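Report on the following structure.
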Amino acid sequence: MEWLTIGAFARASRLSPKALRLYDELELLPPTRVDPDTGYRYYTVEQLERARLVAWLRRLGMPLARIRDVCALEPAAAAREVRAYWARVEAETAARRDLAAFLVHELMAAPRKDTSMLELRYSAHSDRGRVRPANQDTAYAGGRLLAVADGYGPAGGPASSAAVEALRFLDTRELPAGDVLNVLQDAVRGATEAVRDAARGETEAGTTLTALLWTGSGLALVHIGDSRAYLLREGGLFRITHDHTVLQSMIDEGRLTAAEAATHPRPALLLKALTGDGTSAPPDLRLHDARPGDRYLLCSDGLSNVVPDDRIRQLLSDVPAPDDAARTLTDTANEAGGPDNVTCVVADVVETAA
């Protein structure tokens, strides 16, 4: 067996001796032999492959605890974990990129030369659907707040109502754009507690929550679960939320294609939600700029699971009034079988005189 001193092993693996000592303490890359008298560490050539994998994963920014888990897997499973990790990094980077773009826009925007202002014109509509015995969705649309919540489980209706009600105070509160994400994050903590109280011990109950908060020049998004938010801008439809479902994670990891996902028997198995036991994961928080002519849609999966995005885009483009658009979308979902409760909030960004 060929032994390498810690210095030789560090040079061969491109890891510093300091890093090797840390990885030994964490049991991530322990030496094969430690001299009992001097405490000097020795490694084998066979350990270089693992050491290089650790170095590559550290360059990706992967946390040490997760690297330890990845290194314990077979190559194919380790590759899936790396793919899943990087998909999450890209999603988080995209959110930070959007925040940076928003802040740059706010800091560099020239003062408006006219007296026009932007505001929302909005409408909400919810329907039980053709199959479900009750409607567990909740919707809200106001001058500042738009929200959709889709409850599930034995107390799903009270849970979705509690989540939206916990955010309603935001509709009358004027907020500076720079503080809006912190305010939203605090409001979701209140919503989490409200859902826990509404569930009354039903740990299998909970709700999604997708909401937009108007700042006067843009919108702040909070999202958890698989209800969705879309933006119709200049004829193009853009989904601005990411589903927190097992199915979406399988697509992100490359284990399923979008076509295969369309026929999956359990499309709505959630990874994140506001839960009845009060242990909800952090929501997604993002900022979006607003332009005159933008149209936003918030909807439960009772719409998105049965009406294709192309059809949603067409209906949003063709039906001018927000109220008519919300009702048309709901009717279309019911015409497609209405297997679930369906809820839509449609809001237009319009210019008005000051």
Every residue in the range 326-348 that is more than 21 Å from LEU209 (Cβ to Cβ) and assigned to a helix (DSSP H, G or I), please. ARG327, THR328, ASP331, THR332, ASN334, GLU335
Restricting to the range 330-354, and then to whatever is in contact with a helix residue (DSSP H, G or I) (Cβ under 8 Å, 6 or more places away or on another chain) and more than 25 Å from GLY153 (Cα to Cα), can you tell me which residue is surrounded by the most Cβ atoms within 10 Å (Cβ to Cβ)? VAL346
Determine, yes or no, whether GLY302 is out of contact with any His (no Cβ under 8 Å at 6 or more places or on another chain), surrounded by 24 or more Cβ atoms within 10 Å (Cβ to Cβ) and over 26 Å from ARG130 (Cα atoms). no
Quick check on the range 112-132: of everything there that is assigned to a loop (DSSP other than H, G, I, E, B) and at pLDDT 90 or above, which residue is surrounded by the most Cβ atoms within 10 Å (Cβ to Cβ)? GLY129
Could you say which residue among GLU46, GLU27, GLU81 is surrounded by fewer than 15 Cβ atoms within 10 Å (Cβ to Cβ), without any contact (Cβ under 8 Å) to a residue 40 or more places away in the chain and not assigned by TED's automatic domain parsing to the domain that holds THR93? GLU46
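Each row is one residue, and each column tells you yes or no for (1) more than 20 Å from the chain's Cα centre (by Cα); (2) under 23 Å from ALA326 (Cβ atoms); (3) not in a loop (DSSP other than H, G, I, E, B).
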residue: ALA134; (1), (2), (3): yes, yes, no
residue: LEU146; (1), (2), (3): no, yes, yes
residue: PRO158; (1), (2), (3): yes, no, yes
residue: VAL164; (1), (2), (3): no, yes, yes
residue: LEU167; (1), (2), (3): no, yes, yes
Close pairs (7 angstrom Cβ cut-off, 6 or more residues apart or separate chains): in the same structural domain as ALA94 (by TED's automatic domain parsing) in the range 274-294, of a type in the set (Lys, Arg) anywhere: GLY276/ARG196; ASP277/ARG196; GLY278/ARG196; ALA281/LYS272; ARG291/ARG233; ASP294/ARG233
Which of the residues that make up the range 317-328 are among the hydrophobic types (A, V, I, L, M, F, W, C) and either touching an Asp or Glu at 6+ places or on another chain (Cβ under 9 Å) or surrounded by fewer than 24 Cβ atoms within 10 Å (Cβ to Cβ) (or both)? VAL319, ALA321, ALA325
Only one residue in ASP323, ASP310 is out of contact with any Lys or Arg (no Cβ under 6 Å at 6 or more places or on another chain), in a helix (DSSP H, G or I) and closer than 23 Å to ARG144 by Cβ. Which one? ASP323
Hey, among the residues in the range 183-206 that are among the β-branched types (Val, Ile, Thr) and in contact (Cβ under 8 Å) with a residue 40 or more places away in the chain, which one's surrounded by the most Cβ atoms within 10 Å (Cβ to Cβ)? VAL195
Here are the criteria: (1) in contact with a Leu (Cβ under 9 Å, 6 or more places away or on another chain); (2) modelled with pLDDT of 90 or more. Tell me which single one ASP318 does not satisfy. (1)
Within the range 49-71, how many residues turn out to be of a type in the set (Gly, Ala, Ser) and either under 28 Å from the mean Cα position of the chain (by Cα) or in the same structural domain as ASP284 (by TED's automatic domain parsing) (or both)? 2
Qualifying residues in the range 255-285 (those that are farther than 25 Å from ALA76 by Cβ and not in a loop (DSSP other than H, G, I, E, B)) - the one modelled with the lowest pLDDT: LEU270
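The values are calculated or read from the model by the stated rules, or taken from the named source; none is laboratory data. From a predicted model like this one, the values you see are computed outputs, not experimental measurements. Cβ: placed from backbone, ideal geometry, glycine included. Neighbour counts: every protein chain shown.
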